Each structure stands twice: as C-alpha cells, then as structure tokens.
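Let me begin by presenting the structure, written as structure tokens, before commenting on it.
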Amino acid sequence: MAAHLETDILIVGAGFYGCSIAVALRRLGAGRVTVVDEAADIMTRASFVNQARIHNGYHYPRSLVTAQSCRRSYERFRRDYAFAAEASFTSCYAIARNSRVSPGQFESFCREIGAFLAPLPASLANLFDPQLILAAYRADEMVFNATQMAAKLRQEIAETGVDLRLGTKAYFTGDDGARAHFRLSSGDEGRCQFIVNATYAGLDSFGVTLGTRIKKELAEVVLIDLPPELKSIGVTVMDGPFFSVTPFPPLQCHALTHVRYTPVCAWDGAMPAGLPPAGHHPGLNADAILRDSLRYMPSLARAKVRSSLLDVKTILLRNEDDDGRPILFERAPESPRVLSVLGSKFDTVYDAIEALCQVLDLPSSPAL
Ligand SMILES: Cc1cc2nc3c(=O)[nH]c(=O)nc-3n(C[C@H](O)[C@H](O)[C@H](O)COP(=O)(O)OP(=O)(O)OC[C@H]3O[C@@H](n4cnc5c(N)ncnc54)[C@H](O)[C@@H]3O)c2cc1C
C-alpha cells in the first residue's frame, strides 16, 4: 500500500549539489530534509563523471566574472575539502598557436585575477610540440577525489539527520497553495514546503517548466594511464578546440577530455533515442580524442587507454560562447515552492546554498 511522506524540504538528486545543500540546510536550522535519488548511491552521475578540476580561474579567460568567482571560492573549497584535494602534481596551462587567447593576453588575464603563473621548467616545456604550442606555464590548481567527498557527505547526511532515500525517482505533481506535492517511484506520495530540483541532467524532466534554456551534451571522459614521466602532471591547452588531461584520483589514473570530441552529441529538449547509458563504456570518440591531443603533446602516444566514462553535461545555453559558468536558480512557474538549481561547477555550490538560504529565510552561513 502506498505510504504518505510529509517533509519540510524535498531535495531531488543526491549528487554533490543535492547532498551538500541538504547537509547545509540542516546545519542552518531547516526542519525535516529528505533527499531522493533514482541511483543506488550518492554522487554516481556528473558528480563522479567529470574532470575533477577545482577551478582557480585559469579556464575562463573569456569570462572575467566566472574567473573571479572561481578565485573567490577556490580557497574556501580547498579548505572545506582539504581531505579530498589532490595537489601532488604540476598543473600546466599551455597556449596553442591557433588559440583564442595569446600568451600575452593569458598572462595579463592571470595578473588581473591574481592567479599564480610561472614559466614551466624546460623538462616539462619540452613535452609540447613547439610548432603547435606557443607558451606553457605552471599554474596553481588542484583536483578533487569525488569518492572521498561522497564518503564524507554520507557521514554528514547521517549526522545531520537527513532522510536519504536511494533507488527512488521523484516527480512533481502539483501545488495546493500551501504545499508542493510529489510522487515517488515507490508509489508513495508526499507533500512538503519546498522542493529543490537538483537533478542536473534531469532538470527539465522532473515535471516543472524551466524558463532558462539549457543544452545537454553526451560527454566522454577517457580514462588513461600515463607513462611514468607524465604521471605527476595535469595539462590544459587553451583556448579553443584543444584538450585537458588531469589526474583522476578516484580511479588513480588520468582523465582526458577534448573540447571538440568529448561532446559526442548535443541536444536542446528531449534526449535523442538510442544513446548509450551513463557510466563506463569501451569508448566512442576515444581514438579521436587521443589522436588530436598527442599532436600537441607527442608523449601521450605512450598513454594506455583504460575505458571511457560517459555522462550528460548540462550547460546554460546563454553561456555557450562566453564560457561563463554561473548557477541556474529559478522558481518553477507551476509552483513557487519548487526551486531548480543547476551547478555548472563544484565550487558554485556556495552560490546555490546562499540563494536557497535567502528564499527559505535561513541565516546564510559559510558552514557547509
Ligand atoms: C564531462 C564533465 C566534466 C566536468 N568537469 C568539471 C570539473 O573539472 N570541475 C568542476 O567543478 N565541475 C565539472 N563538471 C561539472 C560538475 O560535474 C557538475 O557541476 C556537478 O557534478 C553537478 O552536480 P549535481 O549534483 O547537480 O549533478 P549530478 O551529480 O548529476 O546529480 C544529479 C542527481 O539527480 C538524480 N536524478 C535525476 N533525476 C531524478 C529524479 N527525477 N528523481 C530522483 N533522482 C533524480 C541523478 O540520478 C543524479 O544522481 C563537469 C561535468 C561534466 C559532465
């Protein structure tokens, strides 16, 4: 028989956003908080399938606002997640010959945002093809271990008394003027004061209309083992159709992505039929990703490909060209009690919590 669930805040999606928001809201005094996710565990989707970069601004020379916001959250994020931050590698940023940004522009951009930049030692600079790479620098950027972050969040969810229900899909069903109503795949129905739609790739299929247009891509992250001389570096080639290869701590390998080939396909609206599911895959564009990347860094030819990770990347359409990465935060037209949140990067979680605190009338606090 279907049960009835009465809660104060329902958070749909137990990715990094949903879990962090749940813990933060409980710590800030929210009443009953329930988190549901259709997956069997927390942080299995985009919060696991990503490049693991803790952004420190370098990536966004075309969006000063985003770069400065990364700089502001970088210290806080790496303090809050010090246990999961991996810094034991050299982070290199290289400027390609046909880049949208010149070495001089990149240097002055880094000066403007106050980000550390230094010449690469010759032993590392020699890894790049001098015909294709104009300049290469040492930067200050880390990666995170999503598995360790998930373990901490599981513990915090238990400590703060969040009601976590896995293997459960949720749908919005209506608003009676005092409560939002929802249905769960278990057959249970429920009511609550607020719903936080933190479903990322599922944002527009939860049952509410999104005013902001989003675009989705099936993204392929290639998992590779690098030869010993490359094991302790991360490389990002800027700024255009190039590649990044960064340590991927959860699987103790590197994650290789390419601006042109990582998006396997893109859509705006309903997901095309026949796409492979998220998760491990033998590889779709992996050959093209590796082939093009090693033109810039020939030693990548000695990389061993393990497999690929696929997932849906969700981007605000308006920021496709300028590379801005603000959060999406909007109330549903169907119910002012449904708040949809899209985090474009891990560090923007602070903006999402801040925005929620204002709506829920909770004291905003840096405590996560
Ligand atoms: C290829 C790629 C590379 C990236 N690289 C970086 C990077 O280097 N650094 C960085 O900071 N960010 C990066 N990002 C962005 C980052 O991964 C996301 O901003 C972040 O993971 C979003 O977290 P989330 O909790 O909103 O989403 P998710 O982790 O996807 O969580 C959403 C959850 O909602 C659940 N769900 C969906 N619909 C329903 C429903 N109806 N009912 C119940 N559950 C539902 C899903 O099962 C899922 O677990 C990258 C993203 C991708 C795809």
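Odds and ends about this structure:
- Those strands (runs of 3 or more DSSP E) lying entirely in the range 259-368 with at least 1 residues among the hydroxyl-bearing types (Ser, Thr, Tyr) and in contact with a Leu (Cβ under 9 Å, 6 or more places away or on another chain): 304-316, 335-342
- Among (1) under 19 Å from the mean Cα position of the chain (by Cα); (2) in a strand (DSSP E or B) - the single one Leu153 does not satisfy: (2)
- Only residues that are under 23 Å from the mean Cα position of the chain (by Cα) and surrounded by fewer than 18 Cβ atoms within 10 Å (Cβ to Cβ) were counted in the range 134-148, giving 3.
- Residue tally, condition more than 22 Å from Lys304 (Cβ to Cβ) and either within 13 Å of the ligand (Cβ to nearest atom) or crowded, with 21+ Cβ neighbours inside 10 Å (or both), over the range 239-258: 1
- Test set (1) of a type outside the set (Gly, Ala, Ser); (2) open to solvent by less than 50 Å² (accessible area, probe 1.4 Å); (3) more than 16 Å from Ser232 (Cα to Cα); (4) in contact with a helix residue (DSSP H, G or I) (Cβ under 8 Å, 6 or more places away or on another chain) - Phe106 fails condition number: (4)
- One residue from Ile95, Ile54 being away from the ligand (no atom under 16 Å from the Cβ), open to solvent by less than 10 Å² (accessible area, probe 1.4 Å) and modelled with pLDDT of 95 or more: Ile95
- Per the listing Arg213, Arg165, Arg183, Arg154, the residue uniquely basic (Lys, Arg), in contact with a Lys or Arg (Cβ under 8 Å, 6 or more places away or on another chain) and open to solvent by 10 Å² or more (accessible area, probe 1.4 Å) is Arg213.
- Ser205 vs. criteria under 29 Å from Leu275 (Cβ atoms) and either within 12 Å of the ligand (Cβ to nearest atom) or not hydrophobic (A, V, I, L, M, F, W, C) (or both): yes
- Residue pairs whose Cβ atoms lie under 8 Å apart, sitting 6 or more positions apart in sequence or on different chains, and linking a residue in the range 13-36 that is among the hydroxyl-bearing types (Ser, Thr, Tyr) to a partner that is part of a helix (DSSP H, G or I), are Tyr17/Tyr200; Tyr17/Val349; Tyr17/Ala352; Ser20/Leu153; Ser20/Val349; Ser20/Ile353.
- Any chance Ala136 is under 15 Å from Val235 (Cβ atoms) and among the small types (Gly, Ala, Ser): yes
- Some residue of the range 14-27 being of a type outside the set (D, E, K, R), more than 17 Å from Tyr200 (Cα to Cα) and surrounded by fewer than 22 Cβ atoms within 10 Å (Cβ to Cβ): no
- The one condition from (1) under 29 Å from Pro241 (Cβ atoms); (2) modelled with pLDDT under 95; (3) buried (at least 16 other Cβ atoms within 10 Å of the Cβ) that Leu64 does not meet is (3).
- Any chance Pro282 is closer than 26 Å to Asp140 by Cα, more than 11 Å from the ligand (Cβ to nearest atom) and of a type outside the set (Gly, Ala, Ser): no
- Count - residues of the range 212-230 that are more than 15 Å from the ligand (Cβ to nearest atom) and within 15 Å of Thr314 (Cα to Cα): 1
- Some residue of the range 279-287 being under 17 Å from the mean Cα position of the chain (by Cα) and either of a type outside the set (S, T, N, Q) or under 23 Å from Thr44 (Cα atoms) (or both): yes
The values are calculated or read from the model by the stated rules, or taken from the named source; none is laboratory data. The structure displayed is predicted, hence computed values, not measured ones. Glycine gets a Cβ as well: all are built from the backbone with ideal geometry, and neighbour counts include every protein chain shown. What goes into the accessible areas is simple: the full protein's heavy atoms, side chains included, and nothing from ligands, DNA or RNA. Shrake-Rupley method; radii C 1.70, N 1.55, O 1.52, S 1.80 Å.
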